[in-house]
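Bear in mind that the values in this text are calculations on the coordinates, not laboratory data. From a predicted model like this one, the values you see are computed outputs, not experimental measurements. So basically every Cβ, Gly included, is an ideal-geometry build from the backbone, and we count neighbours across all protein chains shown.
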Amino acid sequence: MSKFLTAAALTATLTLGTGFAMANAADAPKPEPTNQQVFEQECGLCHGKVGTGTMMLARRMDKDKAELAKRNDLPAAYIEYAVRNGLNSMPAISRVEVTDQQLEQITTYLTRNNK
């Protein structure tokens with residue numbers, strides 16, 4: 001066998017092997033995001049440490065209660081109502097924007113420290 005054919009066969013084998021490995025990696029299931037990750041992804045822009053929602057809550061109430069992730073007094077039903085219906089400056093968030101499963105994860109995260 002010539003060197004050219006051997007190199008071509010090796011290249012084809014490596015290309016096919018790499019494509020197969022890449023396809024398997026792409027097909028591998030991604031781990032489910034944690035409750036905290038869902039909160040940070042869906043709510044963090046406004047309700048993170050320096051978000052607009054946090055700043056507005058700090059003006060309306062005790063500054064210790066402005067950052068939602070640090071609170072321990074938010075009832076799940078209140079969170080669900082505020083998300084789906086809006087509250088004060090917060091707009092209503094549809095099931096297209098945040099699914100019911102994501103809302104459940106957010107609620108679970110925000111109520112994790114409740115007394």
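Here are the numbers for the structure shown:
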read-out	value
Flag if Arg112 is surrounded by fewer than 14 Cβ atoms within 10 Å (Cβ to Cβ) and in contact (Cβ under 8 Å) with a residue 60 or more places away in the chain	yes
Every residue from region 35-64 that is buried (at least 17 other Cβ atoms within 10 Å of the Cβ) and β-branched (Val, Ile, Thr)	Val38, Thr54
When residues of region 65-88 are limited to those that are among the basic types (Lys, Arg) and within 17 Å of Glu40 (Cβ to Cβ), the one surrounded by the fewest Cβ atoms within 10 Å (Cβ to Cβ)	Lys70
